[in-house]
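The values are calculated or read from the model by the stated rules, or taken from the named source; none is laboratory data. The model shown is predicted, which means the values in this text are computed figures rather than measured ones. Positions of Cβ are generated from backbone atoms using ideal geometry, with glycine treated the same way; all protein chains shown enter the neighbour counts. Please note that ligands, DNA and RNA were not included when accessible areas were found on the heavy atoms of the full protein model with its side chains. Shrake-Rupley method; radii C 1.70, N 1.55, O 1.52, S 1.80 Å.
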Amino acid sequence: MDLIKSDFMLQLFEYRIAAAMIKKDLIASILEEKYQLLRSFQVLGIRREELITCSEVEAVLMSSTSVKDLFYASKCGETLLCSFQESALKTTVSRLLSSLDNTEALLDIHFSLGTLAFLKVQFPVALNDPVSIFQKIKVLSAEDGSWKYNPDDAGTSAKAAGTALETMGDLISLAGQAFDDAKIRYLKGVASKLFEFLEKYDDGTQFIDERPLDGLYGGGGPLAATSQVVKGVAVVASHTSGHIEVPAERVISVAKFFLTAGIHGSLLDMFHVLDGLGVLDKNRFLVPVILSVRPSVLSLSAKEVFKISTTTVLGSPVSATITLRKAVRANEKEPFLLNQVLESDETKGVHNLNDILNKLDIGSYDLTFKVKILEEGRYATEPITIRRVLVTGVASIPEVEVGVLDSDTGSTDYVKRWNPMSKEVVSLYATHLQKLYFGLDILSPRQEQFIPHQAFLKLKHETKVEHLFLLKPSGKKLELSLNLLGLVEKLNYLSGIYTIDLIVGDVAMENPVMWNLGTVELDLPEPPEGKVKLTSQAESPFKYGPRPEITHMFRPAEKRAPPTLSNTFLALTLVPLLGFLVGLKLLNTNMKNFPSSGLPVLAALLFHLGIGSILGLYALFWLKLNLFQTLKLLALLGTVLTVPGYYILSHLADASAPKVKSA
Amino acid sequence: MAMAGRAIQVSSIIVILLGIASGSLSLPPDRSLHPRILVLVDDLTVKSSHSLFFASLADRGYRLEFKLTSDPSLALTSYGEYLFDGLILFAPAAEHFGGSVDIASILDFVDSGRDLILAADVGMSETLRTIANECGVEFDEDSNAVVIDHLNFAESETDTEHSLIAADTFVASSAILGEKGAEAPVLFQGIAHSVAPANDLVIKVLSASASAYSANPEVQLNGPPSLSGTSISLVSVLQARNNARVLISGSLSLFSNKFFVFPFKKFGSSTSFQRSGNQMFAEEISKWVFHERGHLKAVNVHHHKVGNLEEPSMYRITDHIEYSVEIYEWTGKTWKPYVADDVQVQFYMMSPYILKTLNHNGQGLYTTSFQVPDVYGVFQFKLDYNRLGYTTLAISKQIPVRPFRHNEYERFIPAAYPYYSSSFSMMFGFFLFGVVFLYHK
């Protein structure tokens, strides 16, 4: 039986995930949250006893003065199936009974009666005046069947009506004998009226919306409101005999509303969904029955069969007979199967759809079922249900035809049958005057032609530029014919080697493929003038990441003579001076013409000292002085030099002149 | 394209605080320690159905504020001040926003350097397309198209379209995806988008596989799909020139609790994953988007001659100089020293004359030394640091370089000794000749 999953079981999986998440970080501290967790886990079938124990519940029941805490403690006790001693809770009971007399607020009455209704299961509890309590609650009702929480409330709401019904139900369970048929009829009328407050979503699900008034009393949104209303009706139904008139399709829509609500991660939302479903699953007015088809994706290769189950929202099987009214292939009109009663097992909860299997091929199908529940009255179901199922299988591609055709004549220049088994690659060559041709058959497991959703041929140039083409059905084949002349512009006049990839896939195909067929070398014409040939879109390798280092190349030092050479020439330049000195020595130079006395000596010394200092000035100019300093000093020295220069030269001239005359 | 243009137009140059004379510990946090984030949803159930993602943000110190897109009191600014540091747009179908929020104000929000997470989904509105378009991302025009991949989908009982993609082509960047990266494929169900290859600012974080395509699964194709193969981006990020970061995902459910904990088996593979990589991916990438990783700043840029700590106003050719800069990375709480071996500095005049990798001391201080080239002119110290997933650092400091002065050349050249000596021997000879000529008898 575990093969069968109802729609809810799938949801259940998600709720379990949500529950697991709550486990992680939520240690519920408030009694109300503890109850919500307990109840959620109860519906999910998970036992979580560490949340609260019976003795803790008893402690709260004995000591707490808040009716709300008492109520949630008793709810926890109910979930945990605790039992208590009458003696311990006597004071609590009497306190609750007296508080009932003193309050007119719906929620307070609800909490007190709820607690008492639970305690009544353990030991007898007697209400003082059940009819006056009934009247107190009834006073809060409005004409249209909605309710107030407090006598001085401005508006009314359906959620409050749900609470009121639940309270009334508790009241009946505590003091049923006090109510006559008129009151019970009134209650049933309210209950069936409540379903008129339903609002519709686009997808057909129905819910009860929150009213501004509810925001003041806890809120919780449509989930809480719908859940409360369903609970109220269910409690009334469980404590009264006979039938409550509720339209079946509305109950189904409400069930769908809870089933499609999904998980939202919040404890409160999950609680309302699960609580609502828990009530719908077991109630005495109408139990919605959901038809589920499993698997919704059927694999032909795994030899699976369809199991159709009729279950309550939480997955308990419900006996029914199911007729397959028709089975239509998606996107087709003519049904291929009509009116077939399904076989079922003994419980009549699970039905097999065997006959259809040998007629199914891969693809999507719409199955229309007619459901007739064996046990009338208790259950509500959609009479006609349409479910879409997907059938998958292995499609076969025997070969791929790859060819090069002549554009003009259409004659085949080259053709190759590419074999998927050997996967031997082809290498083609084509010019812009030719056509490339690709063709393949895809056969379904029933050897029918199958057109997949994805049948692409990809040409990929060396520069990673890709072009995608679609293979289209033509006759029995999928074909693609590429007229290269018309494509040169699209291919950007980019000649070179392209790799050919074939991608075929579909939801119904269990063996999607991506094959490399080989390569084609295209010889395309050069682009016309003015057209820029797009080159590779390759990114610069240094867009991110370090670049290669750059070091500066310094200008090389100028070439210079080696020291030995320059030293040799240094010596050589001194040779003339040496020769001069040697020459002077050889000539036996003397200083006999040097004046011998007085002023001429001084003049001669000053003259040569002057010349010497000018030469020294030149040396200084070389070493440190600049031109201006040098010229200034030179002018000074030169001027000073003229005086002794003139004097000594004229003296020397005078000294030699008489001789010349005498000679 | 559009964003690039917009970014040039609007962005202020990268915010770099120069010259804060302080160490790493006392660096002021330029960014908020408890950033406020506005979460815009078009259905409040998103708050609970994506609660794990929001909880991870809240745990990291973000203050989240949830608003419906239709909320009439919506506002991003109040008296010219931005009220939020980040915006999460989990409202794929939102056509209009309430209050003072519209496309222009959201783009201004990004232009002011603030961050945006945008999740699209099937049936995304024209408004969201426009915002995505301005961020350099183009979604498939067919509003019913989803990403389909018949070879790389996650097996699931409810997915009959092969549109639950198990994607594992991630960008190779530890800055964006964290050190560990994603350990399991990321589940994606949504629509495809593409980024312009010429746009340097947008990075494809999660790409589709070669067999993926974007199409309406209900309709038989008439021509090749507009987006296919690896050019499909599933999740992209944009780092604008002003360092605003934008995350664009084609799938809102990628961030959902359901996908976070979804155990699955990838088609054709024997390994099944206990849970998807979504939670890790979403958390890591949100760290990046909200600047907890990869946000750098450079401070204390100094340069000087070797042996002289003062920063000169000019260098001479062939000077030996040292350059230093401190780089820090923001962690969401503090600035920590950034450690990398690939920070480079250029000595630049029209083109780089020198490009050198900086050495670092592991404490965020990067140094190097080099010799100024023998070319004079106005140079720049340029530090252009552009790494995938990191903020771009672009610091330049101008410095002129002069040639030698006349007296800075070499004074006595050995090769010229013959010339020196010949002059002086000539001068000496001249002096001697004068004496001899005048007084010889």
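Observations, loosely collected:
- Only lysines eight or more places from A:Lys460 in sequence, or on another chain, were considered; those with a Cα closer than 30 Å are A:Lys416, A:Lys423, A:Lys435, A:Lys472, A:Lys476, A:Lys477, A:Lys490, A:Lys531, A:Lys533, A:Lys543, B:Lys204, B:Lys266.
- For chain A, with all protein chains in place and a probe radius of 1.4 Å, 57% of the accessible heavy-atom surface sits on carbon or sulfur.
- Only lysines eight or more places from A:Lys359 in sequence, or on another chain, were considered; those with a Cα closer than 18 Å are A:Lys303, A:Lys307, A:Lys326, A:Lys333.
- Counted over chain B with a bin width of 20 Å, the fraction of Cα pairs per bin, in whole percents, is 22, 43, 20, 7, 5, 3, 0.
- In a fully extended conformation the segment linking A:Asn419 and A:Ala571 would gain 45.3 nm over its present Cα-Cα distance, using 0.36 nm per residue.
- Summed buried accessible area for A+B [probe radius 1.4 Å, Å², rounded to 100]: 6900 Å²
- Where a label projected 7 Å from the Cα of A:Ser650 along Cα→Cβ would reach, residues of segment A:579-618 with amide N under 20 Å: A:594-611
- Packing-based order for A:406-417, A:267-278, B:271-282, B:389-400, using average beta carbon neighbours within 10 Å, highest first: A:267-278, B:271-282, B:389-400, A:406-417
- Taking label positions 7 Å along the Cα-Cβ direction at both A:Ser83 and B:His320, the computed distance is 9.8 nm, reported to one decimal.
- Number of Lys-Lys pairs in segment B:276-409 with C-alpha atoms under 26 Å apart and a separation of 8 or more places or on different chains: 18.
- Anisotropy class of segment B:120-265 from Cα gyration tensor, a/c 1.5 cut: oblate
- Projected over every direction and averaged, the convex hull enclosing the alpha-carbon atoms of segment B:295-402 yields 6.8 nm².
- For residues of A:562-572, the mean tally of beta carbons on other chains within 10 Å: 4
- Label-to-label distance, nm, for residues given as B:Leu309 and A:Thr260 (7 Å Cα→Cβ offset): 7.5 nm
- From phi via Karplus (6.51, -1.76, 1.60), per-residue ³J(HN,Hα) for segment B:338-353 in Hz, x at Gly/Pro: 8, 10, 7, 9, 10, 7, 10, 10, 10, 9, 10, 9, 6, 8, x, 8
- For chain A, Kirkwood radius (reciprocal of mean inverse C-alpha pair distance, Å): 35.9 Å
- With Cα atoms, 0 to 90° folded angle of helix A:627-662 axis to chain A main axis: 10 degrees
- Think of it this way: in chain A, A:Cys76 stand alone, with no other Cys Cβ under 4.7 Å.
- Label-to-label distance for B:Gln398 and B:Asp142 is 5.6 nm, based on points extended 7 Å past Cα in the beta-carbon direction.
- Here A:Lys148 is the anchor, and the aspartates and glutamates within straight C-alpha reach of less than 16 Å, apart from those fewer than 8 places off in the same chain, are A:Glu104, A:Asp108, A:Glu166, A:Asp209, A:Glu210, A:Asp214.
- Full extension of the chain between B:Lys441 and B:Met350 gives 25.3 nm of extra length, using 0.36 nm per residue less the Cα-Cα distance.
- The mean accessible area for residues of the protein assembly as shown, using a 1.4 Å probe and ignoring ligands and nucleic acids, is 47 Å² per residue.
- Shown is the FRET efficiency for A:Ser427 and A:Ala330, computed with R0 = 41 Å from the Cβ-Cβ distance and rounded to the nearest 0.05: 0.50.
- Computed E for A:Asn358/A:Ile384 - FRET, C-beta separation, R0 35 angstrom, nearest 0.05: 0.85
- Shielding score for A:574-580, defined as the mean number of other chain Cβ atoms within 10 Å: 4
- Shown in residue order for segment B:233-244 are the 3J(HN,Hα) couplings computed by the Karplus curve 6.51 cos²θ - 1.76 cosθ + 1.60 at θ = phi - 60°: 9, 8, 9, 10, 10, 10, 10, 6, 5, 8, 6, 5 Hz (x for Gly and Pro).
- Shape summary of segment A:361-473, radius of gyration then Dmax from alpha carbon positions: 23.6, 78 Å.
- At R0 = 60 Å, FRET efficiency that the Cβ-Cβ distance of A:Ser481 and B:Asp43 yields, to 0.05: 0.80
- The protection proxy used here, the mean number of other Cβ atoms lying within 10 Å of each residue, ranks peptides B:112-124, A:87-99 as follows, highest first: B:112-124, A:87-99.
- Mean per-residue shielding of peptide A:110-122 is 0, counting Cβ atoms of other chains within 10 Å of each Cβ.
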